[in-house]
Amino acid sequence: MLADFADVIESGSRDEALLARIAWDRLPRHVGIIMDGNGRWAAQRGQPRIAGHRAGVEAVRAAVDTGARLGLGALTLYAFSTENWKRPRLEVDALMRMLKRYLRLELEEISRQHIRFQTIGRTAALERSVQREIAHAVEQTSANRGMVLNVALNYGGRAEIVDACRAAIRRLQREGRAPEEITEEEIARELYTHGLPELDLLVRTSGELRISNFLLWQAAYSEIYVTDVLWPDFRRVHLLEAVVEYQRRDRRFGGLQLVANAK
Ligand code: IPE
Ligand code: IPE
Ligand code: MG
């Protein structure tokens, strides 16, 4: 609601103008963000890539805060892909350290905003200390009933579909059923995102026009919004711009009639 921004919006600002245009009954239920461009942001400043990741944490804060104030059902942030292990060890270690630090520093604020923290991805393959920090944050926020902050870690859309198929096949075998009986709903029920609202809006920063293995199944009918803004520069105004643009789109889901872009 507009009132949820009262303490942070300056009168006459672009934020205020964008907020005035938002249709509060048609918000995207679930927004996913491919947070890209940290390396380029750093390169533009002659700094190491890690400096870009560090600066990106401020953008994460802004996106989480704005998502919670908007009242999104869920915000999924793509933080580390199954392919990101190809990066130098030092960079991977720095990303993991920053994740732990973020969770430690932000837990109080996350709880204050009634946010429920969770992750998707093969987190069992992450370092033990990272797993411990995640488990702590999940547990501390499990009773919260506000926005779900869902961080994709060691996440790959293909890996997710493989994991879902394995689980569905196991269930099939247990129940002695034929493969033909498997439905889309049964696969969807085994996805990491089970229980979260439909992915209505997929945002990618830094201008790249690709999905990079993010939420492949869930993005089937998502609206895609790409901005040239590099992730460390992403702020409230950019998420509001994405939501306003989302609300201008005609969604059809393969039919001929327009469908209101959120329930
Ligand atoms: C996104 O920024 C952060 C992660 C993938 C973890 P990049 O590190 O991919 O930045 P660019 O794409 O090289 O600019
Ligand atoms: C996608 O960004 C992964 C995350 C944002 C975590 P990448 O920078 O890894 O993707 P590509 O390599 O440009 O496709
Ligand atoms: Mg990148």
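The values are calculated or read from the model by the stated rules, or taken from the named source; none is laboratory data. Since the model is a prediction, treat every value here as computed from it, not as a measurement. Quick reminder, even Gly has a Cβ in these numbers, built from the backbone with ideal geometry, and neighbours come from all protein chains shown. Quick note on the areas: whole protein, heavy atoms, side chains included, nothing else; ligands and nucleic acids left out. Shrake-Rupley method; radii C 1.70, N 1.55, O 1.52, S 1.80 Å.
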Residue tally, condition within 13 Å of ligand 2 (Cβ to nearest atom), in a strand (DSSP E or B) and not aliphatic (A, V, I, L, M), over segment 70-118: 4
List, please: which pairs have Cβ atoms under 7 Å, are six or more places apart or on different chains, and start with a residue in segment 85-101 that is within 11 Å of ligand 1 (Cβ to nearest atom) and end with one that is hydroxyl-bearing (Ser, Thr, Tyr) and not in a helix (DSSP H, G or I)? none
Filter segment 111-162 down to residues that are within 18 Å of residue 69 (Cα to Cα), charged (D, E, K, R) and more than 17 Å from the chain's Cα centre (by Cα) and give me whichever is nearest to ligand 3 (Cβ to nearest atom). 112
Going by what's in this entry, would residue 24 be described as surrounded by fewer than 18 Cβ atoms within 10 Å (Cβ to Cβ) and at pLDDT 95 or above? yes
Can you tell me which residue is surrounded by the fewest Cβ atoms within 10 Å (Cβ to Cβ) among those in segment 150-208 that are charged (D, E, K, R) and within 16 Å of ligand 1 (Cβ to nearest atom)? 208
Check whether at least one residue in segment 147-158 is more than 20 Å from residue 73 (Cα to Cα) and basic (Lys, Arg), and report yes or no. yes
List every residue pair whose Cβ atoms sit under 9 Å apart, with the two residues 6 or more apart in sequence or on different chains, where the first one lies in segment 154-166 and is among the basic types (Lys, Arg) and the second, anywhere, is in a helix (DSSP H, G or I) and more than 16 Å from ligand 1 (Cβ to nearest atom). 166/190
Among the residues of segment 102-137, how many are hydroxyl-bearing (Ser, Thr, Tyr), crowded, with 18+ Cβ neighbours inside 10 Å and away from ligand 1 (no atom under 13 Å from the Cβ)? 2
Does any residue of segment 239-252 turn out to be of a type in the set (Asp, Glu) and open to solvent by less than 40 Å² (accessible area, probe 1.4 Å)? no
